[in-house]
Amino acid sequence: METSMNETQQQAKETVFRAPDRGDLQATATVDREVRRTVGEARVADPRIRCNDINVYYGTAQAIKNVNLDVGRNEVLAMIGPSGCGKSTFLRCLNRMNDTIDGCRVTGDILLDERNINAKEIDVVPLRAQVGMVFQKPNPFPKSIWENVAFGPRIHGLARSRAQLDEVVESSLRRAGLWDEVKDRLDKPGTGLSGGQQQRLCIARTIAVQPEVILMDEPCSALDPISTAKIEELIDELRQQFSICIVTHSMQQAARVSQRTAYFHLGDLIEVGNTEQIFTNPNHKLTEDYITGRFG
Amino acid sequence: MNQLILIFVLLLLSLAAYQMGRRRAYGLVDGQLRKLHSLPVYYGLYAAMWCLLPALLVLIAWTAFDGAIISHLVVGQLPESLHGADAGSINLLLNDIRNVRMGLVPPESADPVVVAAAQHWDHLQRIGYAALAVVVLILAVLGAIFTLTRIHPQQRARNAVERLVLVMMMAAASVAVLTTVGIVLSVLFESILFFRLVPVTEFLFGTSWSPQMAMRADQVGSSGAFGAVPIFVGTALISAIAMVVAVPIGLLSAIYLSEYAAPAFRSVAKPLLEVLAGIPTVVYGVFAVLVVAPAIRSWGMSLGLDVASESALAAGLVMGVMIIPFVSSLSDDVINAVPQSLRDGAYALGATPSETTRKVVLPAALPGIVGSIMLAISRAIGETMIVVMAAGLSANLSFNPLESVTTVTVQIVTLLTGDQEFDSPKTLAAFALGLLLFLVTLGLNVIALRVVNKYREQYE
Amino acid sequence: MSNQTLPLPRPVDVINTGLGRRRAAERRFRLYGVAAITLALIFLVLLFISIIGKGYTAFWQTQIQMEATLAPELLDIADPADRNQVMAANYGAVMKAALRQAFPEVSGRAEQRQLFALVSSGAEDVLRQRLLDDPSLLGQTVSLWVPAGSDIDMVRKGHIDRSLPESERRVSDQELAWMDELAQQGRIEQRFNWNFLTGGDSRSPEQAGIWGAVVGSFLTLAVTMLLSFPLGAAAAVYLEEFAPKNRLTDIIEVNINNLAAVPSIVFGLLGLAVFINIFGLPRSAPLVGGLVLTLMTLPTIIIAGRAALKSVPPSIREAALGVGASPLQTVTNHVLPLAMPGILTGMIIGMARALGETAPLLMIGMVAFIVDVPKGIFDPATALPVQIYLWADSPELGFAERTSAAIMVLLVFLLSMNALAVILRRRFERRW
């Protein structure tokens, strides 16, 4: 089993961010299918998001199996696990980004403030304004910095005047810690910034629409250590106002920024708990193996 | 015909040379191939190539130039009264001679001088063929003997063959360059002759075009008018109508197919659009003449408008339809090159698909789309058959799409088809228009390709 | 920092108020896309319907049954054994006599001329062939089906409206009466028009066929293929596998890309100036047409060939080089066979384009009116699309029908070539 897992990871490593393709999933499917119960407390009191029995299928292959998990208010929830374990797929369920992938099917209830956002009749447009997302690779639009940040408020009609927009842009950039660096060149293209700045621009762009939850999919994997430190600092500040779910490859990062940590393995949620407890005293063998570096 | 037989004989000879070369190499080492530098096949190929290639080159050169040489000789032999006459009358004479030779004019009704010249021509041609056959065969045999006698085990036959093959491939690759050079030279040469008769400024800025006058009188350019502005305007008008049809339809189709359509629909609609691209332009021309032009005319009449039967609108409309698939497939490529991450970024902010497309994808793809539209314009300007069939001949300086206008390509075709003297300003004008057409489309292509390539690199 | 909230209502509520408008915009945008595709497809359908609707009748030919007496004195044949006499005999007189016999009441020059126009002059060829096949028929009366004149043909096919007043149609009431009489006797029939598929061009529409143009196109394409395949493949191999990366190669590359977009008529100008005026090759010959089309399709073939070669993974080359093959052996033995389906596909697509090309052929004189089917690449010939152009320019109604029918034939050729390319691609496509 050890070897087959390693193979899976090797394959997956090449397509870290993309939805796992068929080959991966078939390999996943052939791994022995013991039913894995989640260890630890997946529920919190007064959750922002509550997920009940989430299953995700790509065509016939199952990528997420029966996951139950809560996201608390003003907390950073880290999701860790080997590549191809489904943590990104799970993250993308929370703002229905999986809708954009052909052949992807999500079952189960996802309650955002007690409303099931996985229901068919839910309009994804306001939902995604409520649950923002930051991607692995910085993806600023090929427009000016100002327009990048103003994009969301503009399409949603959140500002009535140019002055208000200016205000939103400034406050968002300030909160993303980017204002001082870019205030003199707001009309320059966002693609001209450095990688770390671009990622913070994307964060500013996300918070400009005033979401309630921010999803971050390995936001620092393409960045250098200094930029990473800045973003981690930023995440900690943003927690005051938002709930944040972060998928990360780096266990150190999870330990630094999160309050709770969830460990995914081959589509199962293996263990979830306080970050400190997960990293110092994991209860599940797989979690321990992963954290101690036996694989991953 | 004779050449074909000769080629066949040459092929047989080189096949023989190949066999002999191979056998000889094999025999030299008594079948111990290790002692040979190359496989026996290469010795055979080497001999065959030397047998075939020089002879073939001579054959092609002769076929290309025999007409010119013989006509020169025949003209030289003609009586003094005709000798030294200007180029035009010599051409006429050559035409007569050819007609007699082809049997189009019975010898008894032709000028005896011409008949004699025709016989002389045939005589020269027979001699030429005989000489050619002898030279070619001798060359082939010599080539074969030369290589066959030199075969020895240490000879690097493979390297020699490969070098020769490489040279041949290089020659093949340079055909494209030669074509361009040929186009430029041939068009430029005639254009210079034309601009000696008609000043460039008159051609580019004159507003009156009536080349037919010049043909009747034998004097040069002065009698006809060669101001090409009405033609440029006509070309621009028809191309503009075509783009008004093709760009929105093509672009929106591409957007719908790449951003909205279900895979099943796409797999049906895309090939159907490509069928539109595969239909020959002459078919579009027929469609314009038989269906669209009458429809527009009767529609105009019902509105009380006076529509010319060869209106710019009909030609432009059909040309637009022809260009739709061109625009849509190019834009499709360009739109697909926009990284998915940008779409994801917009969707994650809560943008609707149309907002994503209009405000993120299209602006990102804009340079590429501009490039494809430029390629489409160059296509429209150079399109010939639709306008030849559906647009007019008379050069009206008009921006009214219901009137009849003419285009550069229409003028080239009308000036060059039918009886022509090669040196009249009328035919030369066609080459000047050709030069202009070539330069404009080339310019558009170069810029467009550069824009598109730059754009592609940006997302690679 | 967290106390820096904006004096606005909850964002979700703001967003929800604008949703209706945005959904409407979304629907509109989608509609534009659907409308664009629908419009393009409507054009396509319209094109096919109008062509097929106008053209399918040309595959049928109205024929009239005649009783003709092959009288030697009318035919002017003294010696039936002399083939030349039989060939040159006056079959027109026989045909006229037969018509007069069928409608004995007709008199007067003008009326007789109308009567003679009932049958096509092609009827004489039918008679001639009959007599050549069986010389013993001389002096006997034979019953045979001959093609009707174009006007009668058009009436029978419904292209001429009988209900119009006589002054507004090409066919007189008298002719219609004769036609109806023949029809009543069962002596008029629609038969499959073999002549359209096997005959050469003609001034009279009912006798015009496309075979001459098909052969012309075939010869032209044969020249094109023989030249452009080796040239294109060799150039593609050289540029993709051997060419050093330097300025010269760059120039060649840019050149090829631009050449692919040069208007086809410019290639016609090149052919006229170089092949005809400088080299003195014959006008209207498939050889020149083939040369011009070769130069025109070469860039397409080279580009397709290079793409096919590029898709062969480098590991194949490394493997072959690794066992000691020379670079050329590597290419000819390993890379080229793998790339061949792709090269051939590009080739077929280039050929399909060449087959539909008209403009450059106009420049080199392949527009001449040519009755004979060309026998070689030096004979004057025309090509299928040029034939379509010529017929489309003719005012006679019978040619309008034939124009569309010739287009149908051309499209059948093109579709089968493209289908072949698709099959080739499907069958041999490899994913590495």
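The values are calculated or read from the model by the stated rules, or taken from the named source; none is laboratory data. Please read all numbers here as calculations on a predicted model, not as lab measurements. Don't worry about glycine lacking a Cβ; one is built from the backbone with ideal geometry, like all the others, and counts go over all protein chains shown. For the accessible areas, the whole protein counts, side chains as well, though only heavy atoms, and no ligand, DNA or RNA atoms are used. Shrake-Rupley method; radii C 1.70, N 1.55, O 1.52, S 1.80 Å.
Taking the criterion of being out of contact with any Lys or Arg (no Cβ under 9 Å at 6 or more places or on another chain) and surrounded by fewer than 21 Cβ atoms within 10 Å (Cβ to Cβ), the residues of region C:326-343 that qualify are C:332, C:333, C:336, C:337, C:340.
State whether the residues of region C:392-402 include one that is at the interface with chain B (Cβ under 7 Å from one of its Cβ atoms), open to solvent by 10 Å² or more (accessible area, probe 1.4 Å) and within 30 Å of residue B:64 (Cβ to Cβ). Looking for residues that are at the interface with chain B (Cβ under 7 Å from one of its Cβ atoms), open to solvent by 10 Å² or more (accessible area, probe 1.4 Å) and within 30 Å of residue B:64 (Cβ to Cβ), one finds none in region C:392-402, hence no.
If the condition is being open to solvent by 40 Å² or more (accessible area, probe 1.4 Å), away from chain B (no Cβ under 11 Å) and either closer than 16 Å to residue A:67 by Cβ or in a loop (DSSP other than H, G, I, E, B) (or both), then region A:89-124 contributes A:105, A:107, A:109, A:111, A:113, A:114, A:116, A:120, A:121. Go through region C:240-258 and give me each residue that's touching a residue at least 40 places away in the same chain (Cβ under 8 Å) and open to solvent by less than 40 Å² (accessible area, probe 1.4 Å). Residue satisfying the conditions is C:256 alone. Among the residues here, residue C:371 qualifies as touching a helix residue (DSSP H, G or I) at 6+ places or on another chain (Cβ under 8 Å), surrounded by fewer than 20 Cβ atoms within 10 Å (Cβ to Cβ) and at pLDDT below 90. Give region B:360-376 a look and list any residue that's out of contact with any Ser or Thr (no Cβ under 6 Å at 6 or more places or on another chain), of a type outside the set (A, V, I, L, M, F, W, C) and more than 7 Å from every other protein chain (Cβ to nearest Cβ), or say none. Selection gives B:367, B:368, B:371.
Okay, residues lined up against (1) more than 30 Å from residue B:414 (Cα to Cα); (2) part of a loop (DSSP other than H, G, I, E, B); (3) outside the structural domain of residue C:411 (by TED's automatic domain parsing):
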| site | (1), (2), (3) |
| --- | --- |
| C:280 | no, yes, no |
| C:315 | yes, no, no |
| C:343 | yes, no, no |
| C:349 | no, no, no |
| C:361 | no, no, no |
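If I filter region B:382-399 down to residues being buried (at least 24 other Cβ atoms within 10 Å of the Cβ) and of a type in the set (A, V, I, L, M, F, W, C), which single residue comes out as modelled with the lowest pLDDT? Ranking the qualifying residues of region B:382-399, first place goes to B:395.
Residues in region B:285-302 that are touching an Asp or Glu at 6+ places or on another chain (Cβ under 9 Å) and of a type outside the set (Val, Ile, Thr): 2 in all. Out of all the residues in region C:225-239, is one or more assigned to a loop (DSSP other than H, G, I, E, B), within 14 Å of chain B (Cβ to nearest Cβ), in contact (Cβ under 8 Å) with a residue 12 or more places away in the chain and surrounded by 18 or more Cβ atoms within 10 Å (Cβ to Cβ)? Checking region C:225-239: not a single residue is assigned to a loop (DSSP other than H, G, I, E, B), within 14 Å of chain B (Cβ to nearest Cβ), in contact (Cβ under 8 Å) with a residue 12 or more places away in the chain and surrounded by 18 or more Cβ atoms within 10 Å (Cβ to Cβ). Among the residues of region C:269-284, just one is surrounded by 23 or more Cβ atoms within 10 Å (Cβ to Cβ) and of a type in the set (Phe, Trp, Tyr), namely C:275.
The residue pairs whose first member lies in region B:144-168 and is closer than 28 Å to residue C:232 by Cα and buried (at least 18 other Cβ atoms within 10 Å of the Cβ), whose second member is at pLDDT below 85 and among the hydroxyl-bearing types (Ser, Thr, Tyr), and whose beta carbons are closer than 7 Å, counting only pairs six or more residues apart or on different chains, are B:157/B:38; B:158/B:38. Would you be able to say whether some residue in region A:198-209 is open to solvent by 10 Å² or more (accessible area, probe 1.4 Å), of a type in the set (Gly, Ala, Ser) and within 13 Å of chain B (Cβ to nearest Cβ)? So far as region A:198-209 goes, no, none of its residues is open to solvent by 10 Å² or more (accessible area, probe 1.4 Å), of a type in the set (Gly, Ala, Ser) and within 13 Å of chain B (Cβ to nearest Cβ). Checking each residue in region C:389-412 for being free of Cβ contacts under 8 Å to residues at least 60 places away in the same chain and part of a helix (DSSP H, G or I) picks out C:389, C:392, C:393, C:410, C:412.
Conditions (1) surrounded by 15 or more Cβ atoms within 10 Å (Cβ to Cβ); (2) more than 24 Å from residue C:200 (Cβ to Cβ), marked per residue:
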residue	(1), (2)
C:118	yes, no
C:121	yes, no
C:126	yes, no
C:129	no, no
C:134	no, yes
C:138	yes, yes
C:142	yes, yes
C:149	yes, no
C:153	yes, no
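Condition test on residue C:98, is it at pLDDT below 85 and more than 30 Å from residue B:253 (Cα to Cα)? Taking the combined requirement at face value, the residue does not satisfy it. Residues that are without any contact (Cβ under 8 Å) to a residue 40 or more places away in the chain and surrounded by 17 or more Cβ atoms within 10 Å (Cβ to Cβ) do occur in region B:434-442, at least one of them. Restricted to region C:12-30, and to residues there that are open to solvent by 50 Å² or more (accessible area, probe 1.4 Å) and either facing chain B (nearest Cβ under 10 Å) or in contact with a Ser or Thr (Cβ under 8 Å, 6 or more places away or on another chain) (or both), the residue that is nearest to residue B:262 (Cα to Cα) is C:30. Candidates in region C:259-268 are the residues that are within 13 Å of residue B:441 (Cβ to Cβ) and open to solvent by less than 30 Å² (accessible area, probe 1.4 Å); of these, the one that is nearest to the other protein chains (Cβ to nearest Cβ) is C:263.
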